[in-house]
Amino acid sequence: MKNDPAVNNFDGTQAALYPHLKITNETFPRILATRKIEDDGAEYFGAFLTKTATRILIDFLNKKATAIVTKEDVELLEGAEQEEARARKTWDFKYTSDEEMLQVIAARKAAR
């Protein structure tokens, strides 16, 4: 163990040797493992000693993560539900799954 370099004691050229967590800068951010740190607006965390440790952490975060929905997102969803109710000629309409709701919100944001 004494011959192993400390993971937090390296310069920028050695950073590529160790995996990092990358949280993408997208509408619905993804958590990825990467050895390449780019100037792409994403958040990078690390370095971690092994790829396995990074994967275990990503799996844990994906199980615990929830989508963040803003007030603006709720208003977009309500508008979409009202339009869907009018199209179906019903009094009320609600999307039944979280995935559907998130897709509608993303589509509405992209259409603007």
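The numbers here are math on the coordinates, done by the rules we state, and not lab data. Everything numeric here is computed off the predicted structure, so don't read it as measured data.
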Bounding extents of region 71-111 in its principal axis frame from Cα atoms, largest first in Å, are 26, 19, 17
Lysine pairs, Cα distance under 23 Å, 8 or more residues apart or cross-chain: how many in region 50-112? 5
